[in-house]
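Since the structure comes first, as structure tokens, the remarks are kept for the end.
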Amino acid sequence: MRIEDIEYALSYGDVLLVPKKSDIDSRKNVDVSTHLTKGIKLNVPLISANMDTVTEAPMAIAMASNGGIGIIHRFMDMEKQASEVRRVKRSQSYIIDEPYSIGPDATVGDARAVMSKNGVSGLLIVDKSHKLLGILSDRDIRFVKDDKTSASRAMTPRQRLVVGTPGMSSEQALSVLDSHRLEKLPLVDKDNVVRGLITSKDIYRTVNSEQSAKDRRGRLLVGAAIGVKGDYIDRADALVNADVDLLVLDIAHGHSASVLEALRKIKKAIPEVPIIAGNVATKEGAEDLISAGADGIKVGIGPGAACITRTVTGAGMPQLTAVMDCYEASRKHGICLIADGGIKTSGDITKALAAGAGAVMIGSMFAGTDESPGYFSVRNGAKYKSYRGMASFGANVSRKKMDKKEIDPQDIFDIVPEGVESSVPYKGSLKEVIKQLVGGVRSGMSYCGASSLDELRKNAKFVRLTTSGLSESYQKLS
């Protein structure tokens, strides 16, 4: 290779978008919605990363409630991951089709375990024919000291319950809930067989959730990650049975034979569920994944805050160039690109979208929120939350523990980490973080005279920054 053959590549910090004449009166008039796949629309172009310090059910619920989508990470057994998906799908559904229930012979201890596992505050008590016998809520068992007490003894019995009928409208349900001051309204047919459940919390959320990203049945959208080895087909089946909306085939180096083979197998086995595949950083990588059946492409090799792939391997691609290169392949097929990693500001999101991405995946900026997994720590009076790359040493060890009952010490010595473990400052609620990010994107789009993402891509013109230009842009008074 000759020196003149070496291509020039850029990151978000190397460029600015050139301001253009704008007819936009207010950034509120800017539409930031995007189609992640042909059947999935997001109201904001934001995705929370499938990392064990970023996205489990609480994060996914908050993401979809605010117009985006969360991808449940895969570093747990398949039953647990499917359970996390179910929690999201049940969280704001107008009608819960299959409410959690137990039999009358179950104990209060059994009920507490089911409630805790699934994050619910009450259970229906049903007989073997699924006929309603009563409701057991956390209030019913709050002061029950003996866990061996039968559920039927502690429950509110059927004759004292107000019930609804299948097919009742949200307005009718709301009226019944309000007039009787109820929290839960079981739906039963003429034979008293349970056909669903409506909760006051969910119906109020549904009435006031225009921004939420939902499926056709009014449930929040959620995705989940899978790998390319071991139980990935069974895991995909379990997630689909839990009503996951999309799968993310997530491997550090997505342009590989194993990924392409796995993608083809999954598309053949489960053709009805869209699959986003990655990660890649070149036009050729994107084209090969699309040819193998990918419904979306995840772009990014090494740009993340917790990723050291480029340092360890010497391989990668500056993220802006990676997105632009992959967009050359994806736009011909109408496939959405997800820019994964390297986002430090709302301006970086605008640049990624202008370069061809339909959405961005965010890890570190969401890891410090209330909704991310884990606990807070306090150092020098400031609050932090843990954050780690999924190729870090700790994540590799956790993955091996999940795969094997006993770990060979040699397995530990063989680990070559491509990620780091750290902590990020506490940022408060995810809703406020998203509000600031989306506000910045809307402003950035208005500077480009764009009222939609399609217009942004058409109007965008980048200018390269010198060192002085970079300093002028980012070094401000503190």
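Brief remarks on what is shown
- Here residue 469 qualifies as in a helix (DSSP H, G or I), of a type outside the set (A, V, I, L, M), touching a residue at least 24 places away in the same chain (Cβ under 8 Å) and over 16 Å from residue 351 (Cα atoms).
- Any hit, the range 316-333, residues being modelled with pLDDT under 95, assigned by TED's automatic domain parsing to the domain that holds residue 460, out of contact with any Asp or Glu (no Cβ under 7 Å at 6 or more places or on another chain) and among the β-branched types (Val, Ile, Thr): no
- Of the residues making up the range 214-224, not a single one is over 30 Å from residue 281 (Cα atoms) and assigned to a helix (DSSP H, G or I).
- Verdict on residue 377 being in a loop (DSSP other than H, G, I, E, B) and either crowded, with 24+ Cβ neighbours inside 10 Å or modelled with pLDDT under 95 (or both): no
- The range 444-455 - residue that is under 25 Å from the mean Cα position of the chain (by Cα) and not acidic (Asp, Glu) and, of those, surrounded by the most Cβ atoms within 10 Å (Cβ to Cβ): 445
- The listed residues are 278, 254, 341, 302, and the only one of them that is over 25 Å from residue 42 (Cα atoms), surrounded by 23 or more Cβ atoms within 10 Å (Cβ to Cβ) and either in contact (Cβ under 8 Å) with a residue 24 or more places away in the chain or of a type in the set (Val, Ile, Thr) (or both) turns out to be 302.
- Residue 88, sole failed condition from (1) surrounded by fewer than 16 Cβ atoms within 10 Å (Cβ to Cβ); (2) within 24 Å of the chain's Cα centre (by Cα): (1)
- Considered as a group, the residues in the range 46-85 that are closer than 26 Å to residue 422 by Cβ and more than 13 Å from the chain's Cα centre (by Cα) include one that is modelled with the highest pLDDT, and that residue is 80.
- Test for residue 313: is it of a type in the set (Val, Ile, Thr), out of contact with any strand residue (DSSP E or B) (no Cβ under 7 Å at 6 or more places or on another chain) and more than 24 Å from residue 421 (Cβ to Cβ): no
- Here residue 120 meets each of (1) within 24 Å of residue 220 (Cα to Cα); (2) β-branched (Val, Ile, Thr); (3) surrounded by fewer than 21 Cβ atoms within 10 Å (Cβ to Cβ); (4) touching a helix residue (DSSP H, G or I) at 6+ places or on another chain (Cβ under 6 Å) with one exception, condition (4).
- Test: residue in the range 344-367 that is more than 24 Å from residue 435 (Cβ to Cβ), buried (at least 24 other Cβ atoms within 10 Å of the Cβ) and under 18 Å from the mean Cα position of the chain (by Cα): no
The values are calculated or read from the model by the stated rules, or taken from the named source; none is laboratory data. Treat the numbers as computed from the prediction; the structure is a model and nothing was measured. FYI the Cβ positions are ideal-geometry reconstructions off the backbone, even for glycines, and counts take in every protein chain you see.
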